[in-house]
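K.L.:
Structure in structure tokens, see below.
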Amino acid sequence: MIRIETARLLMRPFEATDVDALHALWVLPDVRRYLWDDVVIERDTAVAVIEASRISFAERGYGLCCLQRRDTAGLVGFCGLRDYDELGGATRPELLYGLAPDHWRRGYAFEASAAALRFGFEECGLDRIDGGVDPPNERSRRVLERLELHDWQRIEVKGLPADFARLTRTDFESAAYREAPYRLVA
């Protein structure tokens, strides 16, 4: 199983034993507001997301990971890549992340996302990764801009507006954060 270490974080693929911790994170009001359009999801939804990520790792080599600080064992959040349906029905990898509110404003979203992008381009051979945010979510938009995603487009997802940007392999090759500390652990 792939694990990624950054300067401060450990990222490991979702496991079935993570369902309660992830569900608890995903129903927090400040997390679900943008992640689940403010819907309190059922535990079965968390189970389904974990299973879909497990299948994605097996079939595509990427998926979603739990985030932990390297100096503690608790869940900080999650980050990784998942497939989404772009306009026109094409499936593309999308960067997705979320943090527990008590871990906001520490740079963890940027650090984990940079590692996920690097993994996607360097280890999985992807040519393009997209990222999306709800329009009012300015903090997440700033993270994506700092990661150098560009060509923003407003689209409608499930009847709601969403802003999407992209990062290509060529863009990534010249990104300043590309050399940040990052290590794959077996």
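The values are calculated or read from the model by the stated rules, or taken from the named source; none is laboratory data. Keep in mind that what you see is a predicted model, and the values were worked out from it rather than measured. Here Cβ is always computed from backbone atoms with ideal geometry, including for glycine, and neighbour counts include all displayed protein chains. Ligands, DNA and RNA are excluded from the accessible area calculation, which covers all protein heavy atoms including side chains. Shrake-Rupley method; radii C 1.70, N 1.55, O 1.52, S 1.80 Å.
K.L.:
Given the conditions (1) touching a helix residue (DSSP H, G or I) at 6+ places or on another chain (Cβ under 9 Å); (2) of a type outside the set (Ser, Thr, Tyr); (3) surrounded by fewer than 19 Cβ atoms within 10 Å (Cβ to Cβ), and given that Gly159 satisfies all but one, which numbered condition is not satisfied?
P.N.:
(1)
K.L.:
From the list Glu86, Glu5, exactly one residue is modelled with pLDDT of 95 or more, within 22 Å of Leu144 (Cα to Cα), charged (D, E, K, R) and touching a Lys or Arg at 6+ places or on another chain (Cβ under 6 Å). Which is it?
P.N.:
Glu5
K.L.:
For region 23-35, how many residues meet the condition of being open to solvent by 30 Å² or more (accessible area, probe 1.4 Å) and under 14 Å from the mean Cα position of the chain (by Cα)?
P.N.:
The number of residues fulfilling the criteria is 2.
K.L.:
Please find, within region 66-85, the residue that is nearest to Ala116 (Cα to Cα) out of those that are surrounded by 16 or more Cβ atoms within 10 Å (Cβ to Cβ) and in contact (Cβ under 8 Å) with a residue 60 or more places away in the chain.
P.N.:
The extreme case among them is Gly80.
K.L.:
Does region 50-61 contain at least one residue that is among the acidic types (Asp, Glu) and within 24 Å of Asp127 (Cα to Cα)?
P.N.:
yes
K.L.:
Let me ask another. From the list Ala90, Ala186, Ala165, Ala176, exactly one residue is surrounded by 15 or more Cβ atoms within 10 Å (Cβ to Cβ) and of a type in the set (Gly, Ala, Ser). Which is it?
P.N.:
Among Ala90, Ala186, Ala165, Ala176, only Ala165 is surrounded by 15 or more Cβ atoms within 10 Å (Cβ to Cβ) and of a type in the set (Gly, Ala, Ser).
K.L.:
Every residue in region 38-49 that is out of contact with any helix residue (DSSP H, G or I) (no Cβ under 6 Å at 6 or more places or on another chain) and either in contact (Cβ under 8 Å) with a residue 24 or more places away in the chain or among the polar types (S, T, N, Q) (or both), please.
P.N.:
Residues satisfying the conditions are Thr45, Val49.
K.L.:
Residues that are within 16 Å of the chain's Cα centre (by Cα) and not β-branched (Val, Ile, Thr): does region 167-177 have at least one?
P.N.:
Scanning region 167-177, I find at least one residue that is within 16 Å of the chain's Cα centre (by Cα) and not β-branched (Val, Ile, Thr), so the answer is yes.
K.L.:
Looking only at residues in region 46-60 that are open to solvent by 50 Å² or more (accessible area, probe 1.4 Å) and not charged (D, E, K, R), which one is farthest from Glu156 (Cα to Cα)?
P.N.:
Applying the filter and picking the extreme gives Ala58.
K.L.:
Here is a further query. Against the condition modelled with pLDDT of 95 or more and buried (at least 20 other Cβ atoms within 10 Å of the Cβ), how does Gly63 come out, does it pass?
P.N.:
Spelling it out, Gly63 is indeed modelled with pLDDT of 95 or more and buried (at least 20 other Cβ atoms within 10 Å of the Cβ).
K.L.:
Looking only at region 104-132, how many residues end up being over 16 Å from Thr6 (Cα atoms) and open to solvent by 10 Å² or more (accessible area, probe 1.4 Å)?
P.N.:
Final tally of qualifying residues: 8.
K.L.:
Another question, if that's okay. Could we say that Cys79 is in contact with an Asp or Glu (Cβ under 6 Å, 6 or more places away or on another chain) and not small (Gly, Ala, Ser) here?
P.N.:
No: the conditions fail for Cys79.
K.L.:
Next question. Can you pull out the residues in region 146-186 that are free of Cβ contacts under 8 Å to residues at least 24 places away in the same chain, part of a strand (DSSP E or B) and on the phi < 0 side of the Ramachandran plot?
P.N.:
Within region 146-186, His150, Trp152, Gln153, Arg154, Glu156 qualify.
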